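The values are calculated or read from the model by the stated rules, or taken from the named source; none is laboratory data. Nothing here was measured: the structure is a model prediction, and the numbers come from that model. Quick reminder, even Gly has a Cβ in these numbers, built from the backbone with ideal geometry, and neighbours come from all protein chains shown. Ligands, DNA and RNA are stripped out before the accessible areas are found, and what is left, the full protein with its side chains, is counted by its heavy atoms. Shrake-Rupley method; radii C 1.70, N 1.55, O 1.52, S 1.80 Å.
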Amino acid sequence: MPASRLWVVDVYGRVFSLSTAGQQWEQCRDAQMEFKRVTAAQQCCWGIACDNNVYLNVHASDLPIRYQEETYENQRWNPIGGFSDHLLPSDRWQWSDITGLKHQPLDSFELPSSSWEWEGDWYVDENFEGEPTEKEGWTYAIDFPAFYTKNKKMTSCVRRRRWLRYRRYKDMDTWAKIPSPQMETPDPFSDISCGGWEISEEPRGRLSLWAVSLLGKVWFRVGIYHHNPEGSMWEEVSVPGEVLQISCGPGDLVWAVLWEGQLIVRQGITRDCSKGTSWVEVESPSPDVGATHVAVGINTVWALTKDNKVWFRRGVDSHNPCGLGWISMVGEMITINVGLNDQVFAIGCEDRAVYFRQGVTTSELSGKTWKAISVPRDGDRSHSSASTNSLQSAGCFFSGEVRAQSVVSDSVVDAPTDNPDQPIETPKPQPAKTLREGGSAGPAVPEEEETLPSEGEVKALCADVAICPSQSGGPLDPQWSNVDLEEAQGQLAQTGAALDAADTSSLSSVATYTLAMEDPYGTDEHPLWAWVSGGGCSVDSHSHLNWFNSVNTSSLVGSVQSMSLSVTSAQTAAWRQQIFEQLTERTKREMDNFKHYEQAIEQSVWVKKGTMQWWRDWKPYKWIDVHFALEQFSGPEGNKDGILFIYYNFYEEKKYLHAFVNELTILVPVLNESKHTFAIYTPERTKQRFPIRLAAATELEMHDWLALLSVSCCHSRGIQGPPSKQAIWSITCKGDIFVSEPSPALEAMPYPTPCDQMFWRQVGGHLRMVECNTVGIVWGIGYDHTAWVYTGGYGGGFFQGLASSTDNIYTQTDVKSVYIYENQRWNPLEGFTNRGLPTDRYMWSDASGLHECTKTNMKPPSTQWTWVSDWAIDYSVSGGTDKEGWQYAADFPVSYHGRKGKTDFVRRKRWKCKLTTTGPWQEIPPIALSDVTILPCTAQSNVDEVPLWAISNKGDVLCRLGVTALTPAGSSWLHVGTDQPFKSISIGAASQVWAIARDGSAFYRGSVSPQSPAGDCWYHIPSPSKQKLRQVSVGRTSVLTVDENGNLWYRQGVTPSYPQGSSWEHISNNVRKVSVGPLDQVWIIADKVQGSHSLSCGTVCHRLGVQPVEPKGILWDYGIGGGWDHITVRGNSMEPPRVRLPSLTDASAPAPRSPIPFRNMEVNSSAGDS
């Protein structure tokens, strides 16, 4: 899990953050003023400063925030001057938007605020629907508006071209002031809360920001999303009373507290109405004591009352945002906040420490106990002291008071009540210059079990914090009072001389401290916090946090770091080599001493038996009960082998099948909803596309057999340890990862090793795609677009013991979306209903409509998967949807669209499931990726830093810096600018970079070199005629692409002097993926490959006959399949052996053996034909 941050504000208005992977508070050094409170999301943090303005801190990322401004230049043809700017009165503007209704000249575009800057000047977009225009970017039509083409025709009377300009958000990792015209917000804000990022995935990065003004009004910030992080404007939201505080969760939960102590809940928040429609009042947790604070999450609501008691609201979810009732919790807090995953943070009433609620899970949202976060601040006792003015201004916003236990207060606010249960009255709202207090202090300490300190300990600690007047050397400090700033300044002016002599200052409405020391806190004092926000802190019940160490270990860590700095990596490598040589010599010496002894056991045999079900591969096809046995034996030389036996009954006659372990080529878990199934392949069954299918009684038993059989196969072939650098990696449609060790004869001609004889073994983990190169760098991307790097281990997952390494195995998570469809048919009486015709598909089905899939019967694929969300409507369906997620069509099944018709329609709902497994993979946060490519250097090449390019899931092109064989994860991303989002990228052995845009157009990156890793510019390459490209792969000299229709294309004319090539040549069809290796070898994933029983989809195929004189190859050799989704051979730079053919005139030479009868295809035929 990538590191995220918890944000806090101390009583001096300074902002700190704590990383989930860190052990100390880090101060925001760029803050030039004190803050009242902050509210955080994962990508940014909002805050209210003491100048009553709202500020935004956008976290820095390797991906910049860029926004594309566009406008269209329109012209009409006339017989005299040709195309000109003189348009008809009924025409659109000369400069307009795409609709022509809005006037948009170039000089009308302005930057939204000072936080933005222009990247360059306006330029013409010369790309039209994936193809370059003829010149100057013009597209032609018969009239406005009409269908535009890039070619000018005799009937082309109008034309237009698009002008583009990019602006970039520059104020990253700094507090930027949000423009707020006085007409929008006449009174300053007192509270702020952000959330709503889970309401909708579009637009990307959308947030809901709610604010409360000093007059109790509620405001909503409109238009916050990724390309506009500041938002557009403030809109007032009507409320039934004066609001004190508001809280917004990640979803559609918004609660607020009224000044009278009641709570209100916002209803009607949807994807299309993020502000909601109405308020519903909820009673206070205690009828006699009003609420002062509320915090909401996804399915949880916490509240505080005036006596600082903590309350939990049960029964809250998206269907019932008001919940069912209140539950009193242990502890007394002054503020509380709910972060991601419904984790809870709070600030203690007496000690002002930050507390974390432990034990919060989806099944127990209330948690178990409070635990104080005890970590030091960065550079303790080294911060500069705050100024007198800052302390005066910092006291106007804290909802509780910091008590100085050694000072007896005469203020009414500080006086304890005789009845502890009696609520403390909250001051009524006054004119704007009177400052409100959101809560009141109480002489109580949060206690629960043994986690919190005792009351005596807390009082002693607070007594140490307080500074006596006699010790400070100055006059008696002003005590607690609820006054405005003007009155506080007047009182200070009367005693200004005494204060200046004593070098002290006063914190109005909060506390009094001396500032003569360097740090406001003493040597042994802990920070006093005033506000906490966990909206950007990703913590769950399994997270390992180092936040609870009470001992300051900074000095110890520093000493260890100083010691480790004296040991260089070269010295470490030399020591390892020396130790390895010594161990090798010792092993050899000890083995030589026992060579004269005879072998005690020449051969050992052991058998493992079990019962399973076997899919009978002749009619009638069905599952039958069988006995399964694995017999293993080891010879005198230590070699191991074995035989598989399957015993079954056929018409009361006992029969069996057998297969030698050294003939097995792969063991594959099969996705089956009702059985725990796996498949066993041999070369012959690979040719038939019909493996041996077995089903175990339980998933654990299946995993035991798979691990055992995998180890046996590896032993029989002499394979052990992690994959080699030359290994070929592949991934099934289920997400399982397999590797194969290539033989030198795999690419040999004319007798290469057949693909169906390749042995594949599984590697732990779960990925959607994987990429490798010759130096051993391997990257993968999960279904949730998370990037992972291979650590060098092997095994993981269900592999245990000898089948898995103990080092370099880490926990891996992946999230995959599961889709079902709700289908309805229209009838004249009732309209659309769930009653279809007898010939219709199921009313709840999969995409094909052939299988019934309901919300209740959908199960996770295995026990490793768990559901992570409830059913949600998917609005990102191809073809679009209406506001309710429905798609309309004429009948089942046809193409669907998002506009309502008078015929049948369907809508799709999505459910996500999350996999937790282990494997030799480490996560590379924080940017989500959709494609990655690594330089396929040859074995003889010497590359210090390996070029690695990637595409984010939003289409940004990235170049990874610092990638080496020792540091495969690299160090940072370098953004490479593009005019449009991309979807596929590949780098060749000569650093030639090709990419495919989302509109199907191809691009070549010029001048990429070790000195200029990002190159200089993109060159638009025309796509094949009437085809949109989908994927590209580049080898040493070859460039191959796959289009949207499954056609494989080869780029002709690619030379070092002209790397863009000249034209495209069709190679094959029915191709899903292509991978070109460092020696220009070509491998694909093919669909519609004929087997013995049916067509097979997702088959690994190898292109034979690829040579410098014939780079396109001659024919296909079919390997393992189906069910495969990805393959990469970019790590295999093993040169094939040179075969010297015998001379025809040499009679003594033996006759050449017959070529292997490959099931082939000629050039330009289908990869799926037999």
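Tabulated data for the structure shown
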item	result
Top-ranked residue of the stretch 264-275 - restricted to ones that are in contact (Cβ under 8 Å) with a residue 24 or more places away in the chain and over 18 Å from Gly315 (Cβ atoms), ranked as most open to solvent (accessible area, probe 1.4 Å)	Asp272
Single residue of Ser845, Ser869 found to be under 22 Å from Asp814 (Cα atoms), out of contact with any Gly (no Cβ under 7 Å at 6 or more places or on another chain), small (Gly, Ala, Ser) and surrounded by 12 or more Cβ atoms within 10 Å (Cβ to Cβ)	Ser869
Single residue of Ile246, Ile336 found to be at pLDDT 95 or above, farther than 30 Å from His542 by Cβ and crowded, with 21+ Cβ neighbours inside 10 Å	Ile246
Extreme residue, modelled with the lowest pLDDT, among residues of the stretch 286-312 that are closer than 23 Å to Val868 by Cβ and polar (S, T, N, Q)	Asn299
Residue check for Gly315: surrounded by fewer than 23 Cβ atoms within 10 Å (Cβ to Cβ) and at pLDDT below 95	yes
Test: residue in the stretch 806-828 that is in a loop (DSSP other than H, G, I, E, B), without any contact (Cβ under 8 Å) to a residue 40 or more places away in the chain, in the same structural domain as Gln864 (by the TED database) and open to solvent by 10 Å² or more (accessible area, probe 1.4 Å)	yes
Residue in the stretch 745-754 that is under 25 Å from Ser984 (Cβ atoms) and either part of a loop (DSSP other than H, G, I, E, B) or touching a helix residue (DSSP H, G or I) at 6+ places or on another chain (Cβ under 8 Å) (or both) present	no
Count of residues meeting criterion [open to solvent by less than 90 Å² (accessible area, probe 1.4 Å), part of a strand (DSSP E or B) and modelled with pLDDT of 85 or more] in the stretch 577-612	5
Qualifying residue in the stretch 356-364 (condition: modelled with pLDDT of 90 or more, closer than 17 Å to Ala530 by Cα and buried (at least 21 other Cβ atoms within 10 Å of the Cβ))	yes
Verdict on Asn308 being of a type in the set (S, T, N, Q) and more than 14 Å from Ile336 (Cβ to Cβ)	no
Cross-chain or 6+ apart pairs with Cβ under 7 Å, the stretch 765-784 first and among the polar types (S, T, N, Q), then part of a strand (DSSP E or B) and open to solvent by less than 10 Å² (accessible area, probe 1.4 Å)	Asn773/Ile934
Answer from Val1054, Val1034 - the residue that is of a type in the set (Val, Ile, Thr), under 23 Å from Asn773 (Cβ atoms) and touching a Phe, Trp or Tyr at 6+ places or on another chain (Cβ under 9 Å)	Val1034
The one condition in (1) crowded, with 16+ Cβ neighbours inside 10 Å; (2) under 36 Å from the mean Cα position of the chain (by Cα); (3) not in a strand (DSSP E or B) that Asp91 fails to fulfil	(2)
Candidate set: the stretch 734-744, residues that are over 29 Å from Gly1105 (Cβ atoms) and assigned to a loop (DSSP other than H, G, I, E, B); chosen: the one most open to solvent (accessible area, probe 1.4 Å)	Lys734
Condition check for Gly251: touching a residue at least 24 places away in the same chain (Cβ under 8 Å) and open to solvent by less than 40 Å² (accessible area, probe 1.4 Å)	yes
Candidates Trp1049, Trp1018, filtered to the one that is assigned to a strand (DSSP E or B), closer than 23 Å to Asp1087 by Cα and hydrophobic (A, V, I, L, M, F, W, C)	Trp1049
Selection within the stretch 200-233 - open to solvent by 40 Å² or more (accessible area, probe 1.4 Å) and more than 21 Å from Arg168 (Cα to Cα)	Glu201, Leu215, Lys217
Of all residues making up the stretch 639-665, the number that are open to solvent by 90 Å² or more (accessible area, probe 1.4 Å) and assigned to a strand (DSSP E or B)	7
Test: residue in the stretch 1081-1099 that is free of Cβ contacts under 8 Å to residues at least 60 places away in the same chain, among the charged types (D, E, K, R) and out of contact with any helix residue (DSSP H, G or I) (no Cβ under 6 Å at 6 or more places or on another chain)	no
Complete set of residues in the stretch 57-71 that are in contact with a Ser or Thr (Cβ under 8 Å, 6 or more places away or on another chain) and at pLDDT below 95	Asn57, Asp62, Leu63
Pick from the stretch 686-698, criterion touching a helix residue (DSSP H, G or I) at 6+ places or on another chain (Cβ under 9 Å) and not β-branched (Val, Ile, Thr), ranking: most open to solvent (accessible area, probe 1.4 Å)	Lys687
Some residue of the stretch 713-722 being surrounded by fewer than 18 Cβ atoms within 10 Å (Cβ to Cβ), in contact with a strand residue (DSSP E or B) (Cβ under 8 Å, 6 or more places away or on another chain) and touching a residue at least 60 places away in the same chain (Cβ under 8 Å)	no
Residue in the stretch 197-212 that is assigned to a loop (DSSP other than H, G, I, E, B), polar (S, T, N, Q) and either touching a helix residue (DSSP H, G or I) at 6+ places or on another chain (Cβ under 8 Å) or under 30 Å from Gly100 (Cβ atoms) (or both) present	yes
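To keep it simple, each residue is scored yes or no on (1) touching a Phe, Trp or Tyr at 6+ places or on another chain (Cβ under 9 Å); (2) farther than 29 Å from Asp999 by Cβ; (3) open to solvent by less than 20 Å² (accessible area, probe 1.4 Å).
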| site | (1), (2), (3) |
| --- | --- |
| Leu929 | yes, no, yes |
| Val932 | yes, no, yes |
| Glu945 | no, yes, no |
| Leu948 | yes, no, yes |
| Asn953 | no, no, no |
| Val957 | yes, no, yes |
| Ala965 | no, yes, no |
| Gly970 | no, yes, no |
| Gly977 | yes, no, no |
